[in-house]
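The values are calculated or read from the model by the stated rules, or taken from the named source; none is laboratory data. Just so we're clear, the structure is a prediction, and the values are computed from it rather than from any experiment. FYI the Cβ positions are ideal-geometry reconstructions off the backbone, even for glycines, and counts take in every protein chain you see. Remember, those area values only see protein heavy atoms, side chains included, never the ligands or the DNA or RNA. Shrake-Rupley method; radii C 1.70, N 1.55, O 1.52, S 1.80 Å.
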Amino acid sequence: MKVLSVASEAYPLIKTGGLADVAGALPAALSAFGVDMKVLLPAYPAVMEKIKKPRKSIPLPKLLGAEARLWQVTAEGVDWFLLDAPELFDRSGGPYVDASGQDFGDNWRRFAAFSKAAALIAEGAVDKWKPDLVHMHDWQAALTPLYIAQGPAAGMPTVMTVHNLAFQGQYGADIFAGLELDSSAFSLDGLEYYGDVCYLKAGMLWANALTTVSPTYAQEIRTPEFGMGLDGVANARADDLYGIVNGIDTDVWNPATDPHIAENYDLSKRTARKANRKALVERFELDPKHKGPIFTVISRLTWQKGMDLLVETVDDIVAMGGRLAILGSGDRALEGALLGAAARHRGRVGMVLGYNEPLSHLMQAGGDAILVPSRFEPCGLTQLYGLRYGCVPVVAHTGGLADTVIDANEAALAAGAATGFHFGSVTADALKRAVHRTIRAFEDKKTWAQIQKQGMKSDVSWERSALRYTEIYTNLIKK
Ligand code: ADP
């Protein structure tokens, strides 16, 4: 079965968040089930730097007025189609933002062209590789089913995965003329949304199947509280909506072989975490003599991630006897507040500003607990890495966090099932109480070892989820 995956970022070529980890890991995970998945990705400069020849050039017609071609390459064990459209993608900055952090003003055109390229591959633009199905990720790929429906590949099955409903690709109606879509698409059952254009809505309505990255989030997006204005659309597709929890790449995230950590270890050699803890203490300039647990945070610093609650709670975490190591970047005000907390609590709170993949590995290997106080979390990956590395997750009870971490309540502890700590309402008070529970458990060595070991035994691999995707593909292709 040939499947084209359409993703605006994919690890290890380019990553800003969890979508990249998932898009990068799916091809290998699915190949075990007989799926030949190739990934369409924009040829950003950062991507091209990582690509060595040989690469094959495949001509494409102009995309929304921009010269374009595909590079077909195999790299990092994945087969890629890299969309080379210099006018759209050859520029400095990140995949979506310029060097100053502002969204590119023409993102509507960049990612419409990207979706159109996917439709061209569906139509047979690549010699000897025409997909049986197209799998799109997030709003950047969400116009694909509309372009497919309005072209010669109409009828080809499509799957749309929503990794985060907060990002929708909404633009004023004036851009519609530039999309080269039939005017019928600007309607209630197309991409029109309260007089504007909404890419994600089109993807959610037009894909044959809709998935989100955890069962709880699949339910949550059907409610006004989490639906971000698209709960009606999610409900309209309820029969074709699936929640499939993300796995992790267990080769990249394996404490037994991880090259980024101070000492490798596994379940039988947990004591080697000590060396990683020591390296972490040094890196974050924490007090090595302090006995309290080290809480880590590896996150975009945003409201979604509850980082304002962390700011509110830092002083309490320190007062309760914890230490904190924070890695992240994002909202300037949150960055400033957390840097301020680190300055206030030297030796107890350390902060590294920025994006640092190797350091994120060391933090999972050396930290005692990872805090994930998200207001909503479609799946979340850092808690999964935490489970595998023995860095006990302390999470808000929402989305994929609720689905992947088992709270250390009395029953779960008695049954030996607990793997972390949940808190219900996402407030600073609730976070504080969860930290308090965690510190108490940490002080009871036997309980802590039980929770940590149980987490390390959790199945966080792709196997079960890859099978679910394969079943969805198979059913759609049969239809
Ligand atoms: P989201 O995609 O919403 O940001 P996820 O938990 O799904 O959240 O995925 C985040 C990914 O990005 C994880 O792999 C995490 O380790 C990584 N990450 C987040 N912030 C940083 C950072 N500052 N440095 C390194 N890795 C980071």
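The table for this structure:
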| read-out | value |
| --- | --- |
| Pick from the stretch 146-193, criterion in contact with a Lys or Arg (Cβ under 8 Å, 6 or more places away or on another chain) and in a loop (DSSP other than H, G, I, E, B), ranking: most open to solvent (accessible area, probe 1.4 Å) | GLU180 |
| Filtered residues of the stretch 379-394 (kept if open to solvent by 10 Å² or more (accessible area, probe 1.4 Å) and more than 11 Å from the ligand (Cβ to nearest atom)) | ARG388 |
| Helices (runs of 4 or more DSSP H) fully within the stretch 348-415 counting 3 or more residues that are at pLDDT 95 or above, in contact with a strand residue (DSSP E or B) (Cβ under 7 Å, 6 or more places away or on another chain) and not aromatic (Phe, Trp, Tyr) | 357-366, 382-389 |
| Residue in the stretch 234-266 that is farthest from ALA202 (Cα to Cα), counting only those that are open to solvent by 70 Å² or more (accessible area, probe 1.4 Å) and in a helix (DSSP H, G or I) | ASP239 |
| Output for the stretch 217-233, where each listed residue is under 21 Å from VAL405 (Cβ atoms) and either open to solvent by less than 10 Å² (accessible area, probe 1.4 Å) or within 16 Å of the ligand (Cβ to nearest atom) (or both) | TYR217, ALA218, GLU220, ILE221, PHE226 |
| In the stretch 1-18, residue surrounded by the fewest Cβ atoms within 10 Å (Cβ to Cβ) [restricted to those that are at pLDDT below 95 and under 18 Å from THR212 (Cβ atoms)] | GLY17 |
| Residue among ASP308, ASP315 that alone is assigned to a helix (DSSP H, G or I) and in contact with an Asp or Glu (Cβ under 9 Å, 6 or more places away or on another chain) | ASP308 |
| Helices (runs of 4 or more DSSP H) wholly inside the stretch 30-136 containing at least 3 residues that are at pLDDT 95 or above, among the hydrophobic types (A, V, I, L, M, F, W, C) and more than 28 Å from VAL197 (Cα to Cα) | 45-50 |
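Each row is one residue, and each column tells you yes or no for (1) within 16 Å of the ligand (Cβ to nearest atom); (2) in contact with a Gly (Cβ under 8 Å, 6 or more places away or on another chain); (3) touching a residue at least 24 places away in the same chain (Cβ under 8 Å).
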residue: TRP253; (1), (2), (3): yes, no, yes
residue: PRO259; (1), (2), (3): yes, no, no
residue: ALA272; (1), (2), (3): no, no, no
residue: PRO288; (1), (2), (3): no, no, no
residue: PRO293; (1), (2), (3): no, yes, yes
